[in-house]
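The structure under discussion appears below in the form of structure tokens.
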Amino acid sequence: NWPTTPTLYVAFSGGGVFKSTNAIPGSSSAWTWTSVTDSLPTLSSDGNVAVGAIAIDPSDSSGQTLYIGLGDMVDAEGRGFYKTTNGGTSWTAATGLGSATRSLNILVNGSDIFWATNDGLKVATTASLNFTPISSIPTTSPGGYVWTVKKFNANNLVCSVQASGTGSSGTIYYSTNG
């Protein structure tokens, strides 16, 4: 189920998340955009809210629950992970961020949120937003950036990890217990 109001969110590594509530494909009217992250702290190296990853909670049929991880994988570091349940009107900050300054992927899997970062793979519940590292995914050599975390179903997940100090080697990790 998707909302009946045409809503579109766009995240930028150069700064922020923008929302359009009139994003009707084929419409002759211009889409209007509003920043929904202007109230967040600008903790990136170049003073913007560099967004590296965004996810809409699939269990929210209104499309108003979003998660964003700050710090783009290429353009700008950032610090933070946030949740909104009202389409960006207000945000709640997560805790337990570790040393993450780059967000690469977010997966909402039931009541769990998996966050792929340059500081390993982290997990929190959608209610607590208190991240803990997944210890079986290394954050130091041979580990490094966790590029993706994807699911086959609720219990079978896979993530890819780039080895530290290299650009082309890494490891694929697979979980059968969510």
Residue hits (the range 136-152; at pLDDT 90 or above and of a type outside the set (D, E, K, R)) are Val149, Phe152
Exactly one of Ala100, Ala116 is closer than 21 Å to Gln162 by Cα, among the aliphatic types (A, V, I, L, M) and under 10 Å from the mean Cα position of the chain (by Cα), and that residue is Ala116
Picked from the range 103-113 (must be polar (S, T, N, Q) and within 10 Å of the chain's Cα centre (by Cα)), the residue farthest from Ser59 (Cα to Cα) is Ser103
Checked against (1) crowded, with 18+ Cβ neighbours inside 10 Å; (2) in contact with a Leu (Cβ under 9 Å, 6 or more places away or on another chain); (3) in contact (Cβ under 8 Å) with a residue 40 or more places away in the chain, Trp147 satisfies every condition except (1)
Restricting the range 2-17 to residues that are in contact with a Lys or Arg (Cβ under 9 Å, 6 or more places away or on another chain) and of a type in the set (A, V, I, L, M), the one modelled with the lowest pLDDT turns out to be Leu8
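For the range 108-118, which positions are of a type in the set (Ser, Thr, Tyr) and open to solvent by 50 Å² or more (accessible area, probe 1.4 Å)?
Hit for the range 108-118 is Ser111, nothing else.
The values are calculated or read from the model by the stated rules, or taken from the named source; none is laboratory data. What you see is a predicted model; the values in this text were computed from it and never measured. Methodologically, a virtual Cβ is constructed for each residue, glycine included, from the backbone with ideal geometry; neighbour enumeration extends over all protein chains shown. Note: accessible area is taken over every heavy atom of the protein model, side chains too, but ligands, DNA and RNA are not part of it. Shrake-Rupley method; radii C 1.70, N 1.55, O 1.52, S 1.80 Å.
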